[in-house]
Amino acid sequence: MPLALAQLQDIGDRITDRLRPWSRSAEFWVRAADIYTSYKVCQLRAGFVKDEEEREAMWEQQHELGAQKMYSLCSELGGLFLKAAQILGKPDLAPMAWVKRLVTLCDKAPATPIDVVRDVVEKQFGKSFDDIFECFDVEPVGSASIAQVHRARLKLSKTDVAVKVQHPGAEKLMMVDIRNMQAFALFLQKYDINFDLYSATKEMEKQICYEFDFVREAKAMERIREFLRVTNKKKPPVIVPRVIPEMVSREVLVMEFIEGTPIMNLGNEMAKRGIDPGGKIATMAKQKILTDLTLAYGQMILKDDPHPGNILICKNTEARLLSLPFFGNGIFLLNIVALLDYGQVKAMPEDLRLAYANLVIAMADDDFLRTKESFREIGIETWSIADNELEELFQLSLRMFDTRLPPGVTAMSPFAEDSSLNKVGVQSFPEELFSVLRTIQLLRGLTVGMGLRFSCAQQWKPIAEEALLNCKIKKAAEKFCQETVFE
């Protein structure tokens, strides 16, 4: 290529890069406005329809249309909107039509070409790619909004590893996306939703910055791995992958490879093994998996750091396998849970952790007054137009912070028409607590998906009581030491 032509192309590429954030923002607002106005028009039309079945049919049609538009927005813009699809693609936050469409976007981000991956790895580690790996799968195991993961084998140790590599340029675009989402959140909470959505987007901004720092993530993995091992007397309820020493940088993270099945594919995996996904054995396995997961999350939230990450049901592992009774075709069902992705680990202030422990106990005991007091301690500011304020506040706490569902109910969203948010508005919500909301949302989605009835608050009550007791003992010890010194 002639030099002049190459320089002209370089100038064109620079102009394109500078204009990309502007064009991306414009595309978001056009699409978001289209989705929003279509729902407002449907809301207006539904107000003139007296027949309930006809109204429901109108809304179902609107949800299908909205789901298609939201799917197009998230899949075509990618980046942060793929992460938003993961959050919204849960039955407790979005209409079922949205859930069915958005759930297909998990791990569907466009993959970075292998030659770019090689360049990133070599630049980060300062070594030749072929000197590091004996073999490296070209196709990634999964590709998300921030990074993609490849299976590989280290040349020296012959260890099978997972190599997590960031998408170049993704962080810059995500910062553009989050600014647009924050502006849209301010608009929604002003005119439509009685909830502090802006704080949620501010916390998301912090989490995104965390997720682009793989050194921070590796430290969190090692800390949580040791915490769960010690807390559970060397028998942790879940597996945390080991980080490979000296193979961590801000953009590349190498860890042990854990082979398994994503938890959302558990039913299909059971069927392949000849197990009835709705049978007794499958129910026992699901109950055990959910119990182990909830225990691990409860310990992290109330004793360490919240971690709303990805979940894997492991295969071919000798660690604490769940072995269920032998059945007809000679298969044993063996399961153990692994938690992946530690970029969102969030340190919770001690006073907030203890206030949340109080709320857990209040929900487990159905204590309305203690729930209100806990909201105040946590820093959740509300307003109410309900005559039965305590009951509505308690119901709101269950929708946000517990996995239990009323009999016959399979989805319970804080933003549904019958939500307590229509009677009790949330003016202010601590940003640090949104990671807990994400964890509850994840567990509730699993509870519904597995067809189980489960209350994380009731399982976490002993952990919460222990946390509060330890705090009292610590304060008493400190007071005793101070009095002893003064004497």
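Among the residues that make up segment 99-110, is at least one of them within 30 Å of K158 (Cβ to Cβ) and surrounded by fewer than 18 Cβ atoms within 10 Å (Cβ to Cβ)? Reasoning before the result, please.
Kept after step one, since they are within 30 Å of K158 (Cβ to Cβ), are these residues of segment 99-110: 107.
Keeping just the survivors that are surrounded by fewer than 18 Cβ atoms within 10 Å (Cβ to Cβ) gives 107.
Looking through segment 99-110, at least one residue is within 30 Å of K158 (Cβ to Cβ) and surrounded by fewer than 18 Cβ atoms within 10 Å (Cβ to Cβ).
Taking the conditions (1) touching a residue at least 60 places away in the same chain (Cβ under 8 Å); (2) under 21 Å from the mean Cα position of the chain (by Cα); (3) buried (at least 20 other Cβ atoms within 10 Å of the Cβ) in turn, Y210 satisfies each one other than (3).
Taken as a whole, segment 76-89 holds at least one residue that is in a loop (DSSP other than H, G, I, E, B), in contact (Cβ under 8 Å) with a residue 40 or more places away in the chain and not β-branched (V, I, T). Working only within segment 215-255, note down all residues that are surrounded by 17 or more Cβ atoms within 10 Å (Cβ to Cβ) and either in contact with a Ser or Thr (Cβ under 7 Å, 6 or more places away or on another chain) or assigned to a loop (DSSP other than H, G, I, E, B) (or both). Selection gives P236, P237, V240, P241, S249, E251. Taking the criterion of being among the polar types (S, T, N, Q) and assigned to a helix (DSSP H, G or I), the residues of segment 421-443 that qualify are N422, S435, T439, Q441.
Would it be correct to say that F81 is aromatic (F, W, Y) and open to solvent by less than 80 Å² (accessible area, probe 1.4 Å)?
On the way: aromatic (F, W, Y): yes; open to solvent by less than 80 Å² (accessible area, probe 1.4 Å): yes.
The answer is yes for F81.
Taking the listed residues G274, G278, the one that is farther than 30 Å from F125 by Cβ, touching a strand residue (DSSP E or B) at 6+ places or on another chain (Cβ under 7 Å) and not in a helix (DSSP H, G or I) is G274, with no other qualifying. Listed by first and then second residue, the pairs linking a residue in segment 6-34 that is modelled with pLDDT of 60 or more and aromatic (F, W, Y) to a residue that is surrounded by 11 or more Cβ atoms within 10 Å (Cβ to Cβ) and assigned to a helix (DSSP H, G or I), with Cβ atoms under 6 Å apart and 6 or more places separating them unless they lie on different chains, are F28/N180. Looking only at segment 251-272, decide whether some residue is in contact (Cβ under 8 Å) with a residue 60 or more places away in the chain and basic (K, R). Scanning segment 251-272, I find no residue that is in contact (Cβ under 8 Å) with a residue 60 or more places away in the chain and basic (K, R), so the answer is no.
For beta carbons closer than 9 Å, sequence separation of 6+ or different chains, a first residue in segment 108-122 that is part of a loop (DSSP other than H, G, I, E, B) and a second that is open to solvent by 60 Å² or more (accessible area, probe 1.4 Å), the qualifying pairs are A111/E139; T112/P168.
Filtered by the rule that a residue be within 15 Å of the chain's Cα centre (by Cα), at pLDDT below 70 and either among the aliphatic types (A, V, I, L, M) or within 18 Å of P241 (Cβ to Cβ) (or both), segment 291-318 gives D305, H307, P308, G309.
I'd like to know if segment 54-66 contains one or more residues that are closer than 30 Å to S143 by Cβ, open to solvent by 60 Å² or more (accessible area, probe 1.4 Å) and at pLDDT 90 or above.
First pass over segment 54-66, keeping only residues closer than 30 Å to S143 by Cβ: 63-66.
Pick out the ones that are also open to solvent by 60 Å² or more (accessible area, probe 1.4 Å) and you get 64-65.
Still in the running and at pLDDT 90 or above: 64-65.
Looking for residues that are closer than 30 Å to S143 by Cβ, open to solvent by 60 Å² or more (accessible area, probe 1.4 Å) and at pLDDT 90 or above, one finds at least one in segment 54-66, hence yes.
Quick one: in segment 437-469, of everything that is modelled with pLDDT of 90 or more and among the polar types (S, T, N, Q), which residue is least open to solvent (accessible area, probe 1.4 Å)? That would be S455.
One line per residue, one yes/no per condition, for (1) within 24 Å of W29 (Cα to Cα); (2) within 19 Å of the chain's Cα centre (by Cα); (3) crowded, with 21+ Cβ neighbours inside 10 Å:
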| position | (1), (2), (3) |
| --- | --- |
| L154 | no, no, no |
| V163 | no, no, yes |
| E171 | yes, yes, no |
| V176 | yes, no, no |
| F184 | yes, no, no |
| F187 | yes, no, no |
| K190 | yes, no, no |
| N194 | yes, no, no |
| S199 | yes, yes, no |
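L156 satisfies every condition listed in (1) assigned to a helix (DSSP H, G or I); (2) free of Cβ contacts under 8 Å to residues at least 24 places away in the same chain except (1). Counting the residues of segment 85-127 that are small (G, A, S), at pLDDT below 95 and closer than 21 Å to D213 by Cβ gives 1.
The values are calculated or read from the model by the stated rules, or taken from the named source; none is laboratory data. Source: prediction; values computed, not measured. Here the Cβ is made from the backbone with ideal geometry for all residues, glycine too, and neighbour counts use every protein chain on show. What goes into the accessible areas is simple: the full protein's heavy atoms, side chains included, and nothing from ligands, DNA or RNA. Shrake-Rupley method; radii C 1.70, N 1.55, O 1.52, S 1.80 Å.
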